[in-house]
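See below for the structure under consideration.
Taken together, the values in this text are just the output of simple stated rules run on the coordinates, not laboratory data. Please read these numbers as outputs of a predicted model, since none were measured by experiment. Ideal geometry is used to build each Cβ from the backbone, glycine not excepted, and the neighbour counts take in all protein chains shown.
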Amino acid sequence: MFCNYCGNPNPDVAKFCRKCGKPVVNPAQPADPVTPAPVAQPLVAQPLPQTPTAPPPVPPPLAPAIPTPAALPTPPPVPPAPAIAAPPMAHTSSRTKVIAVAASIAVLLIGGLVFIHLRSGRPKMLAMQIGFIDSMAFSPDGRQLAIGGSDGSVELWDAASGQWLRTFNSYNNTSWVAFSPDGRTLASSGGSSGKGLILWDAASGNKIRVLAGDADFVGPASFSSDGRLLAATINKREGNEIGLRLWDPASGNELRRLPGYTSPNFSPDSKLMEAESTNYSISLLDAQSDNEVRTLAGTFLWVRAAIFSSDGHVLAIANNSATITLWDVSSGKELREINDAATVRDIAFSPDSRLLASGSEDHTIKLWDVSSGDKVRTLSGHSDAVNSVAFSPDGRMLASGGADGKVFLWPLPQSR
């Protein structure tokens, strides 16, 4: 038996060629030696002879199964890539810088002007036509300012906006105005025009009642801070009455009369009443019993103004001169003098009792330090004598009224 691969003779019983080790499958020797063909590795079993065929095609690898959209988790949104602007042209960049610098300068200039305006303390002038200004009073909440003029009318103004609110038509002359402590009632009197002390409803402008309608002269009026008393100077030729009358402001009932006293002012605690005497002295009276507590030393011929400090410790008096005297209320002793440059017509204490304002005949308002008597500031704007000054209850504003018919509202810096 010959090997089909190498042709080597082998025993008939041989299954593998002894020379090449290939399986012996053809028992007959081929006529011509055949060049052996490469085959796969030896098989364990004897394969049958077969015609070589092309290997079967290999299928391409299958793509992995793609799950349905429902099974896929929703990917987070990917933010779009920021757009990269093209670099600006050289002339555009320069122009932008110029505009930015100009805008910055404009903002600084505007801010500076506003700052200077606020810091300069320029006053607001009320557009009034009531003639000679005699008296002014802020409402207790500071929102309104009542002004009495020589034409007999009383005007009410909004203190914050400077807008006119209403007019109370009085008589020939309104020399004094005063608010009740609750701000609901406004009292006005006309001095030599007489016609009584008029009580007005501040909200509506309606007249509530007239007190002392029989008097020939009604001087300044004052409410006690608890609202229980209203006092005013009365001069009646018949019977030669000169003195004070006191009323219950709620009912209008007259309570008592104090002959020989004029120009009342109640202390902030309503316990004392300052009054001038017909013998040219100034006394402090017990507001309930009318007993004289003490009398200030000195002669006071013509007192332009007298007022208690807001804390009730000091009494300031302007005695128809350029000198203001400060008095200790508890002892009745003089504390110091403040010397203005001209005759003082009105004075007012700040709510914290640290400053005293004076309106004088040199057309100015001056602010004085109460503790030292030094001048702090001078306010100018009037063209004639300043007849009335008043601080707002919060101390942020000072009102001044003058013989020039003008009323100014001065903003004041706040102490720290």
For Gln129 and Thr96, extending 7 Å from Cα along the Cα-Cβ vector and measuring point to point gives, in nm, a value of 5.8
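Can you give the Kirkwood hydrodynamic radius for the stretch 312-378, in Å, rounded to one decimal and based on Cα pairs?
11.8
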Label model pair Arg122, Asp201: point-to-point distance (7 angstrom along the Cα→beta-carbon line) in nm is 4.1
Could you calculate, for the stretch 296-416, the ratio of the Cα radius of gyration to the Kirkwood radius, expressed as Rg to Rh? 0.95
Approximate spin-label separation Lys333-Lys375, in nm, with each point projected 7 Å along Cα-to-Cβ: 2.9
What is the calculated FRET efficiency for Ala297 to Asp404, with r their C-beta to C-beta distance and R₀ = 45 Å, to the nearest 0.05? 0.75
Would you please state which residues of the stretch 361-392 a label at Trp164 would reach in this model, taking the label point 7 Å out along Cα→Cβ and a backbone N cut-off of under 19 Å? none
What are the residues whose amide H is under 5 Å from the amide H of Arg166, where those residues sit 5 or more places off or on another chain and H is modelled from the backbone? Leu156
Given the stretch 218-289, report the % of alpha carbon pairs whose separation exceeds 18 Å. 31
Just to check I understand the Karplus step: with θ = phi - 60° and J = 6.51 cos²θ - 1.76 cosθ + 1.60, what whole-Hz values come out for the stretch 128-141, glycine and proline as x? 10, 9, 10, x, 4, 8, 9, 8, 9, 8, 7, 5, x, 8
The stretch 134-229: translational diffusion in µm²/s, Stokes-Einstein, Kirkwood Rh over Cα pairs, 25 °C, 0.890 mPa s: 188
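In whole angstrom, how long is each semi-axis of the equivalent ellipsoid of the stretch 255-357, when you take the square root of 5 times every eigenvalue of its Cα gyration tensor and sort them from largest down?
Working: eigenvalues 91, 52, 27 Å².
For the stretch 255-357, the semi-axes come out at 21, 16, 12 Å.
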